[in-house]
Every structure is written in structure tokens, then in C-alpha cells.
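Engineer: Submitted below is the structure of interest, expressed as C-alpha cells.
The values are calculated or read from the model by the stated rules, or taken from the named source; none is laboratory data. As the structure is a computational prediction, the values presented were derived from the model and not from experiment. In this analysis, Cβ positions are derived from the backbone assuming ideal geometry, glycine residues included, and neighbour counts consider all displayed protein chains.
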Amino acid sequence: MFNYLANPDRFMRFSKIATPIFAVLAVAILGYGSVWSLAYAPADYLQGQSARIMFVHVPAAWVAFSAYSVMAGGSLVYLVWRHNLADVAANAASGIGATFTAVCLLSGSIWGRPTWGTWWVWDGRLTSMLVLLFIYLGYIALRSAISDKQKSASAGAILCLVGAVNIPIIRYSVVWWNTLHQPAAIIRKGGPSIHPEILQPLLFMGLGFMLLFGALLLLKMRALILQNRAAVLAHRLLDEIS
Amino acid sequence: MFMASQFTNFQEFLQMGGYAGFVWAAWGIAFVAIVGLVIRAYQHEKFWHCEVEKLEAQLNQKRQAENENP
């Protein structure tokens, strides 16, 4: 599948069909999931209705991790095999990941005020998520600061792979340090600790966010491939004129 | 999803048990970010699609002119 899509022309044909399918499914699932989460899921017995923030906060964190996984995978493939499409995937995922990391931090901060009595605390999970946002922003700044495409891709890939060390730190921050942030409640030994009536709409919203991420990634990859093609065509046109 | 709404009326739903400012601000930020990302990505793709078509047309025109007047 990956070998088949590694060709930009084949990828463009595939993404032309796949992008609207992902987008329509994402809109339908997020629409249904939003009503379910906001009106039908039960309120938390301790946090009351404020726990409904979880239905955007947690899926945003999942997309932030997924986008970084795509970036790290793409960066590794680019450094090993020098495949341009892998770099396009990494580059496309960066903006999406940065936005969802910011959404996760902001919604978490808003949720923290009524729950913990503070907007922000320098605990392990919050600080490592903030570091993730800075890595995303650093990657975007680095890519736009280097005009040479090959050098920009290589420098970005190295930064991304070095920054990947932060991912296990985020994951285990709630285990390694005594933090205000609650420990893992879904992927944990002994199964999820969340009641099924809250877990189900949360997973549903997570699916909607992931489908949206898929649609956005494909759309941004298409835009970057077209941008590269336009640069090649403009160069060819100039060559033929001169 | 055969279950009852957690709110008895729309006013109660908007008030979110006294947490309206927090819940709607968090959801609003997520909504604005998602809509912004979708619009930007769509415009970016559309812009470069038009640019590629324009450049291809210019290149074809030039080649056609060269073939007609070698």
C-alpha cells in the first residue's frame, strides 16, 4: 500500500477520492458525537458538567500525538530512503499537530480552572505538552527559514527525530512524577477506568477527530505536492524562455 | 443511543450546570481551530491547483507556438 502510494501521481489520484470520503465521515461522526457528548453523556459525579470539556481535550491530544507519529515516521523514511513524499507527509502533519496541541493545552487550561482551581501548573504532563508545542513551532520555523528544499527537509527531519524523545516523556509523565493531571484512564492495565456511558462518546469523538486528521493530512499533502509541481513547471518555463 | 438528554430544557443545556463559560469556551476554541484548519488547507490546495493549471497552459501554449514557427 505504502509502496503503491509512494508515487506522487498515484497518491494524487488516491487522495482525490479518499479526502472527501474522510471529510464526510468526519463531519457526520463529529456532528453526532458532539450532540451525544454535550447533551446525552452523563455528567461526572465529581466534576459535574465541566467534564464535557474532556470530549474535545482528549481527542485533540490523540491527534497531537498521531500527527507527531506521522512526522517522525516521514522524517525517518526521508532520512533513510530520501523519499520526497515522506517529507511532504511530515511537513503537512506539522501544522495540524501544532494546532491540535494548542487546542489540547487551551482546553486543558480551561478545564483546570474549575477542577484544580488554577489555569496552569508546571507539572510533568502540562509542561511536556507545552514542550511538544514548542517542538512543532520550532519545526515549522526551521522549515520556513531554510530556502533550499533538500536542506530544509533534512534539518526538519533531524529536529523531529530528536524531539521524538518527548513522546514517551508525555506518555509516562503521569507515572514518573506526582502530578495534578490524572493518570492514564483509557489505555491502562485492567482496562479503562471511565464508565462506558462516558467512554463510548469519547471514543466516538476520537474516531471523528482521527478521520478529520486524515482528511486534513491528505488535503495538505496534495497542496504541497501541487506547490512542488508548480515550482518545477515555473522553472521549466523560465528555462525554455531563456 | 437510546438514552435521555441530561437536560430538561435548552436554557439548562446552555448553562451547563454553572460551567457554561468553561465548557463553551473549550468547545468554541476547538471548533474555531478545526474550521480554520479546514478552510486554510482547502484554500492552499485550490490555489496551487490553479497555479499548476495556469503554468501547464502557458507551457503548452509556448510549445505550440514553437511548433508552428520553428
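Engineer: Tell me, yes or no, whether segment A:61-71 has at least one residue that is more than 20 Å from the chain's Cα centre (by Cα), closer than 21 Å to B:ILE29 by Cα and aliphatic (A, V, I, L, M).
Structural biologist: As a first pass, look at segment A:61-71 and keep what is more than 20 Å from the chain's Cα centre (by Cα): none.
The answer is no, given that none of the residues of segment A:61-71 is more than 20 Å from the chain's Cα centre (by Cα), closer than 21 Å to B:ILE29 by Cα and aliphatic (A, V, I, L, M).
Engineer: Given the criterion surrounded by 13 or more Cβ atoms within 10 Å (Cβ to Cβ), within 30 Å of A:LEU25 (Cα to Cα) and either out of contact with any helix residue (DSSP H, G or I) (no Cβ under 7 Å at 6 or more places or on another chain) or at pLDDT below 85 (or both), identify the matching residue among A:ALA223, A:ALA215, A:ALA185.
Structural biologist: Numbers: A:ALA223 fails: either out of contact with any helix residue (DSSP H, G or I) (no Cβ under 7 Å at 6 or more places or on another chain) or at pLDDT below 85 (or both); A:ALA215 fails: either out of contact with any helix residue (DSSP H, G or I) (no Cβ under 7 Å at 6 or more places or on another chain) or at pLDDT below 85 (or both).
Being surrounded by 13 or more Cβ atoms within 10 Å (Cβ to Cβ), within 30 Å of A:LEU25 (Cα to Cα) and either out of contact with any helix residue (DSSP H, G or I) (no Cβ under 7 Å at 6 or more places or on another chain) or at pLDDT below 85 (or both) holds for just one of A:ALA223, A:ALA215, A:ALA185, which is A:ALA185.
Engineer: With the requirement that a residue be in contact with a helix residue (DSSP H, G or I) (Cβ under 8 Å, 6 or more places away or on another chain), without any contact (Cβ under 8 Å) to a residue 12 or more places away in the chain and over 29 Å from A:LEU180 (Cα atoms), what does segment A:70-110 give you?
Structural biologist: A:VAL77
Engineer: From the list A:TYR45, A:TYR68, which one is at pLDDT below 95 and either over 28 Å from B:VAL35 (Cβ atoms) or more than 9 Å from every other protein chain (Cβ to nearest Cβ) (or both)? Even if it seems obvious, please write down each step before you answer.
Structural biologist: Values: A:TYR68 fails: at pLDDT below 95.
Step by step, each of A:TYR45, A:TYR68 is checked, and only A:TYR45 is at pLDDT below 95 and either over 28 Å from B:VAL35 (Cβ atoms) or more than 9 Å from every other protein chain (Cβ to nearest Cβ) (or both).
Engineer: Could you list, in sequence order, the residues of segment B:28-41 that are under 21 Å from A:ALA215 (Cβ atoms) and either among the charged types (D, E, K, R) or more than 8 Å from every other protein chain (Cβ to nearest Cβ) (or both)?
Structural biologist: Matches in segment B:28-41: B:PHE31, B:VAL32, B:VAL35, B:ILE39, B:ARG40.
Engineer: Just a yes or no: is a residue in segment A:149-159 under 18 Å from the mean Cα position of the chain (by Cα), in a helix (DSSP H, G or I) and among the aliphatic types (A, V, I, L, M)? First the steps, then the outcome.
Structural biologist: Taking segment A:149-159 first, the residues under 18 Å from the mean Cα position of the chain (by Cα) are A:156-157, A:159.
Add one more test, that the residue is in a helix (DSSP H, G or I), and what stays is A:156-157, A:159.
Right, trim to among the aliphatic types (A, V, I, L, M) and you get A:157, A:159.
Yes, segment A:149-159 has at least one match.
Engineer: Which of the residues belonging to segment B:13-27 are facing chain A (nearest Cβ under 10 Å) and out of contact with any strand residue (DSSP E or B) (no Cβ under 8 Å at 6 or more places or on another chain)?
Structural biologist: First pass over segment B:13-27, keeping only residues facing chain A (nearest Cβ under 10 Å): B:13, B:15-27.
Within segment B:13-27, B:PHE13, B:GLN15, B:MET16, B:ALA20, B:GLY21, B:PHE22, B:VAL23, B:TRP24, B:ALA25, B:ALA26, B:TRP27 qualify.
Engineer: Still on this structure, please answer the following. Examine segment B:27-40 for a residue that is exposed (fewer than 13 other Cβ atoms within 10 Å of the Cβ) and part of a loop (DSSP other than H, G, I, E, B), and state whether such a residue exists. Give the derivation first.
Structural biologist: Residues of segment B:27-40 exposed (fewer than 13 other Cβ atoms within 10 Å of the Cβ): B:32, B:35-36, B:39.
After this cut, where a residue has to be part of a loop (DSSP other than H, G, I, E, B) as well, the list is none.
Checked against the condition, which is being exposed (fewer than 13 other Cβ atoms within 10 Å of the Cβ) and part of a loop (DSSP other than H, G, I, E, B), segment B:27-40 yields no hits at all.
Engineer: Scanning for something closer than 21 Å to B:VAL32 by Cβ and more than 11 Å from chain B (Cβ to nearest Cβ), does segment A:82-91 turn up at least one residue? Working first, answer last.
Structural biologist: Step one: of segment A:82-91, the residues closer than 21 Å to B:VAL32 by Cβ are none.
Among the residues of segment A:82-91, not one is closer than 21 Å to B:VAL32 by Cβ and more than 11 Å from chain B (Cβ to nearest Cβ), which makes the answer no.
Engineer: Considering only residues of segment A:103-145 that are within 17 Å of the chain's Cα centre (by Cα) and of a type in the set (Val, Ile, Thr), which is nearest to A:ILE170 (Cα to Cα)?
Structural biologist: Selected residue: A:VAL131.
Engineer: In segment B:8-22, which residues are in contact with a Gly (Cβ under 9 Å, 6 or more places away or on another chain) and surrounded by 15 or more Cβ atoms within 10 Å (Cβ to Cβ)? Before the answer, list the steps.
Structural biologist: Within segment B:8-22, the first condition is being in contact with a Gly (Cβ under 9 Å, 6 or more places away or on another chain), and the residues that meet it are B:16-19.
Scanning segment B:8-22 gives B:MET16, B:GLY17, B:TYR19.
Engineer: Is segment A:174-191 home to any residue that is more than 19 Å from A:THR99 (Cα to Cα), without any contact (Cβ under 8 Å) to a residue 12 or more places away in the chain and either in a helix (DSSP H, G or I) or within 14 Å of another protein chain (Cβ to nearest Cβ) (or both)?
Structural biologist: Yes - at least one qualifying residue is present in segment A:174-191.
Engineer: Still on this model: Could you list, in sequence order, all residues of segment A:40-62 that are small (Gly, Ala, Ser) and in a helix (DSSP H, G or I)? Steps first, answer last, please.
Structural biologist: Step one: filter segment A:40-62 for residues small (Gly, Ala, Ser), giving A:41, A:43, A:48, A:50-51, A:60-61.
Passing the criteria: A:SER50, A:ALA51, A:ALA60, A:ALA61.
Engineer: Something else: Kindly indicate which of B:ALA65, B:ALA4 is of a type in the set (A, V, I, L, M) and either surrounded by 15 or more Cβ atoms within 10 Å (Cβ to Cβ) or assigned to a helix (DSSP H, G or I) (or both).
Structural biologist: Working: B:ALA4 fails: either surrounded by 15 or more Cβ atoms within 10 Å (Cβ to Cβ) or assigned to a helix (DSSP H, G or I) (or both).
Only one candidate passes the filter, namely B:ALA65.
Engineer: What number of residues within segment A:203-242 are in contact (Cβ under 8 Å) with a residue 12 or more places away in the chain and farther than 24 Å from A:ILE21 by Cβ?
Structural biologist: Residues flagged as in contact (Cβ under 8 Å) with a residue 12 or more places away in the chain and farther than 24 Å from A:ILE21 by Cβ within segment A:203-242 amount to 1.
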